[in-house]
Amino acid sequence: MTHILLRHRDIPDINTLNVYKKNGGFAAFKKAVTKMKPAEVTEVVKNSGLRGRGGAGFPTGMKWAFIDKNNWPHYVVANADESEPGTFKDREIMEGNPFQFLEGVAIASYAIGANAAYVYLRGEFWELAAFLDEKIAEMEEAGYLGEDLFGTDYSLKIYTHLGAGAYICGEETALLESLEGKRGQPRVRPPFPPSYGLYGKPTIVNNVETLTNVPLILANGADWYKSMGTVDSAGVKIFSLSGRVRKPGNYELPFGTTFRQLIYEYGMGIQEGRPVKAIMPAGASSSLIAVDDKVLDTPMDYAAVRTLGADLGSASVIVLDDTVSMDWVVNKTIHFFKHESCGKCTTCREGNYWMRNLTERIHSGKGTGADVDLLLNVAKQMQGKCLCALGEFSTMAVVTGIERFPQDFKQAVRSNS
């Protein structure tokens, strides 16, 4: 299929301004600014069915429509803090197809009446930030950013901002705190960013992949976009495939593609021909799905994956074969979340500390059946009681690992029980 997001795979040098322009670049932004009202742009995006690609899957046009029109100025923030283990799609977009992403930022800014937009990148992306700065400067030189764009009174500036490599800053309110120069910790919500965001002003925060869809939606129409994917999940998605597959990588496919197609057709199957044991459809923050033929033939969209007792999230699909024990997986994920917990709420700070101690004891062969029971109890006590999603995410692999793969944990503690 022809790529919509990873267009650099089809069009060489599309990361240069001239090539991007020759392939329709900035026509959608010019159309929006010169021929459409901001509300009309929002309505097209709403009608397209585009949902947020950062993990939550919230309808993008609806989020834009929530912007508080009685409080100014407005801001757009692109969430480029790609921190989820197993996710590596946004970086490829920004490196390979940066102008389409930046055009999406510009269209979103016009739609909500923002004259300033920020691209918040994780600290390890410092080379990428410099690269985007170059592209932004080229857009300014060519008249696609700056004052009185396309002969109108609309003006826009885009800035990059580097965080310090904190997973928590992928959460939108922690990101905004960091962008303001404060400690990256989540805010109590409500109020939500569309009414109280950056510097206390209405702000739209969207993921890189989400915004990169926008120019082609505006250029081709909502019906064109809805013609791909499923009723629940319109359009295409970049699936970041990793784990025990033969050919890991980013695969841009329509929603509704099955796990079997992704793993065996695109990922070339499992190393050494072994069977799939489990799938984590949303990276480290995912539930563990025990795999059978029904699971493999499940379409990958938001609603269908939920029937498996998991969320699709950012679609960072980690595949585990029968050589992998789930106590090892849980130990790895909890060490990550313990390290990345910001510590603002007691539930997450203390819960991950104790889960880390318990998983380490179990995996090292020093645990007992009582430790497994206690680990499950701690995880369930945390659920629904954390300030942001990080604490909730940290429990997903724990609860589903113990409940869906009990034999792995029995084996890990057998000699001590």
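Derivation of every value follows stated rules applied to the coordinates shown; laboratory data play no part. For clarity, every value in this text was computed on a predicted model and none was experimentally measured. Note that each Cβ is placed from the backbone with ideal geometry, even for glycine, and that neighbours are counted across all protein chains shown.
Simple rule: put +1 on each Lys or Arg Cβ and -1 on each Asp or Glu Cβ in the chain, find the dipole, and look at ALA106, ASN70, HIS335; the Cα lying farthest toward the positive end is HIS335. The alpha carbon gyration tensor of segment 201-242 gives principal lengths a ≥ b ≥ c with a/c of 1.5 or higher and a/b no greater than b/c, which makes the shape oblate. In a simple Cβ point-charge model (Lys, Arg +1; Asp, Glu -1; nothing else charged), the chain has a dipole of about 760 debye relative to its Cα centre.
The amide H of ASN207, built 1.01 Å from its N in the peptide plane, has ARG53, GLY54, ASN79 as neighbours under 5 Å, considering only residues 5 or more places off or on other chains. Working from Cα positions, state the angle (0 to 90°, nearest 10) between the long axis of helix 208-220 and the longest principal axis of the chain. Rounded to the nearest ten degrees, it is 40.
Rounded is the label for segment 7-226, because a/c, from the alpha-carbon gyration tensor with a ≥ b ≥ c as root eigenvalues, stays below 1.5. Computed from phi, the 3J(HN,Hα) profile of segment 251-257 under the Karplus parametrisation 6.51, -1.76, 1.60 (θ = phi - 60°) reads 10, 8, 9, x, 3, x, 4 Hz, with x in place of Gly and Pro. Around the amide H of TYR118, modelled in the peptide plane, lie the amide H atoms of VAL76, VAL77, ALA78, TYR159, all under 5 Å away and 5 or more residues distant in sequence or on another chain. Between LYS31 and TRP126, what is the label-to-label distance in nm when each label sits 7 Å out along the Cα-to-Cβ direction? Output for this residue pair reads 4.1 nm. Think of segment 125-174 as having a plus end and a minus end, set by charges on the Cβ of Lys, Arg, Asp and Glu; of THR152, CYS169, LEU132, CYS169 sits farthest toward the positive end of this dipole. Among GLU141, GLU177, a tally of other beta-carbon atoms within 10 Å of each Cβ gives an order, fewest to most, of GLU141, GLU177. List the aspartates and glutamates whose alpha-carbon lies under 19 Å from that of LYS380, not counting same-chain residues fewer than 8 positions away? LYS380 reaches ASP311, ASP327, GLU350, GLU360, ASP371, GLU392, GLU403. Remark: segment 19-27, residue by residue, has Karplus-estimated 3J(HN,Hα) of 5, 4, 4, 5, 9, x, x, 6, 5 Hz, where x stands for each Gly or Pro and the curve is 6.51 cos²θ - 1.76 cosθ + 1.60 at θ = phi - 60°.
Averaging Cα coordinates gives a centre for segment 144-210 and one for segment 313-347; these two points are 27 Å apart.
Starting with the fewest neighbours, write out PHE336, PHE405 ranked by other beta-carbon atoms found within 10 Å of each beta-carbon.
On the way: PHE336 18, PHE405 21.
Fewest-to-most Cβ neighbours within 10 Å comes out as PHE336, PHE405.
For LYS366, the lysines whose Cα falls under 18 Å of its own Cα, not counting residues fewer than eight places away in the same chain, are LYS332, LYS410.
With the biggest extent put first, the Cα atoms of segment 326-416 measure 38, 21, 19 Å across the principal axes.
Which translational diffusion coefficient, to the nearest whole µm²/s, is obtained for segment 43-128 from the Stokes-Einstein equation, given a Kirkwood hydrodynamic radius over C-alpha pairs, 4 °C and 1.567 mPa s?
Working: Rh = 14.1 Å.
D = 92 µm²/s.
Here segment 236-321 was treated as a single set of alpha-carbon atoms; its pair distances binned every 10 Å from 0 give 20, 61, 19, 0 percent. With the charge dipole of segment 245-364 set up from +1 on Lys and Arg Cβ and -1 on Asp and Glu Cβ about the Cα centre, the Cα lying farthest toward the positive end among the listed residues SER286, TYR266, VAL305 is that of SER286.
Calculate for the chain the 222 nm mean residue ellipticity that helices alone would give, adding -39,500 (n - 2.57) per DSSP H run of length 4 or more and normalising by residue count, nearest 500 deg cm²/dmol. Show your work: numbers first, answer last.
Values: 17 runs with 178 residues, N = 417.
One gets -12500 deg cm²/dmol as the mean residue ellipticity at 222 nm.
Estimate the FRET efficiency between TRP328 and GLU134 by the formula 1/(1 + (r/R0)^6), using the beta-carbon distance for r and 41 Å for R0, to the nearest 0.05. Let's see the in-between values first.
Details: r = 43 Å, r/R0 = 1.04.
Calculated transfer efficiency: 0.45.
Using only side-chain charges placed at the Cβ, +1 for Lys and Arg and -1 for Asp and Glu, the dipole size of segment 326-416 relative to its Cα centre rounds to 100 debye. Across segment 79-174, counting alpha-carbon atoms alone, Rg and Dmax equal 13.8, 44 Å.
Structure remark: mean-square fluctuation, Gaussian network model of the chain, C-alpha springs under 10 Å; the largest value among THR395, THR16, THR210 belongs to THR16.
What you get for segment 236-321, charging only the Cβ of Lys and Arg (+1) and of Asp and Glu (-1), is a dipole of about 140 debye around the Cα centre. Listed by chain and number, the lysines whose C-alpha is less than 18 Å from the C-alpha of LYS89, apart from same-chain residues fewer than 8 away, are LYS237, LYS247. For segment 310-349, just say rounded, prolate or oblate: build the C-alpha gyration tensor, square-root its eigenvalues into a ≥ b ≥ c, call rounded for a/c under 1.5, and beyond that prolate if a/b exceeds b/c, oblate if not. Oblate.
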